[in-house]
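Heads up, the thing below is written out as structure tokens.
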Amino acid sequence: PLAHTDPWTRVLTAIKVLGRYLWLLLVPVRLSSDYSYNQIPVSRSLLEPGVLAGLLALLGLCALAGWTWRCRPALSVGVAIFALTILPVSNLPFPIGTIMAERVLYLPSLGFCLLLAGVVAPLAARPRWGLVTVSLFALLLLGYGARTVLRNRDWRSNATLFAAAALTSPNSATAHYGLGETMLEQGELSGARREAERSLKIYPEFGAAYQNLAAISAAQGQIDEAIRNLRIAIGFAPGYGLAHLNLGVLYLEKGMTAQALEEFRVAARLGDLRVKDINLLAKGFFAVGSLPEAKESLERALYY
């Protein structure tokens, strides 16, 4: 979402996201593998609550680092590690490929851990506060550990991961698309259609979601509807080779060999297919009688 916005909007949104990162490090309760459009709407005002919260949190970290530089250097170093490692992936100096992703917190979390240790250690060393501090810290670690165990369950399969993402990121078109795709693979056509439609409600120009709708329609024997959805997908994403390939297969089912051959050639020219798709492409060329192109596709598949 930030790739095509003006610098001011990008910076404001990045500040809001940095605030969310800090909150996730401290309270990692609601986690998601996907924050893409439109789970985090872009921010255009400095007075937006999320932007203000992020700005105050960042200013607070800077004030903490300056205040503790001499008396508690571990705190300052922790803040510095977090700041230096999060900056390149923050969308502040330049836009990156994602608006927010928990994976970018791996290295910055080292700074957070040092910062946490710098707060806990002095308190634990005090006679009156030692037992209370250690007890609270132990509870915190138990909570983090329990959250880790629960979160790992979401990563058992694509189906569980996308189901969790659609629950925690309900406004992400990609999360609903991914869940719909896993349902389609499992033969749950009604659920797959529901998720594809939810995805398109969020992002009406999502070509991949129309591809899913086409696959669902084809599985239900609605070939004309499937062709219509694939044409829409191609209209939004002309370089989507798989959509051209599948459109060619559907044309072939209807006996429209000339149109099928044209789509197969477009798919071959785009060259963004997986091995199984290239094999399907070879079968398509063979079915329309273009043996040289079928052979070329099979030879190409051998290199993968």
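Before moving on, here are some points about what is shown:
- Simple label model, 7 Å out from Cα along Cβ direction - Leu56 to Ala287, nm: 6.2
- Which label in (i) 1.31; (ii) 1.12; (iii) 0.94 gives the computed Cα Rg over 2.2 N^0.38 Å: (i)
- Look at the alpha carbon pairs under 8 Å that are at least 6 residues apart: their mean separation over the length of the chain gives a relative contact order of 12 percent.
- Principal-axis analysis of the Cα atoms of the chain puts helix 130-154 at an angle of about 0° to the longest axis.
- Accessible surface of the chain [probe 1.4 Å, protein heavy atoms]: carbon and sulfur percent: 65
- In Hz, Karplus ³J(HN,Hα) per residue of region 229-235 (6.51, -1.76, 1.60; θ = phi - 60°; x = Gly, Pro): 5, 5, 5, 5, 4, 5, x
- Highest mean first, the peptides 66-77, 167-178 sorted by other C-beta atoms within 10 Å per residue fall in the order 167-178, 66-77.
- Sequence-distant contacts, meaning Cα pairs under 8 Å at least 6 residues apart, place the relative contact order of region 161-259 at 18 percent.
- Per residue solvent-accessible surface (Å²) - region 33-154, probe of 1.4 Å: 61
- Pairs from Lys254/Lys276; Lys16/Lys276; Lys254/Lys295 whose Cα-Cα separation, in the structure shown, is over 31 Å: Lys16/Lys276
- One Cα centroid belongs to region 51-68, the other to region 151-229; the line between them spans 41 Å.
The values are calculated or read from the model by the stated rules, or taken from the named source; none is laboratory data. Everything numeric in this text was worked out from a predicted model, so none of it was measured. So basically every Cβ, Gly included, is an ideal-geometry build from the backbone, and we count neighbours across all protein chains shown. Side chains are part of the model used for accessible areas, which takes the heavy atoms of the whole protein and leaves out ligands, DNA and RNA. Shrake-Rupley method; radii C 1.70, N 1.55, O 1.52, S 1.80 Å.
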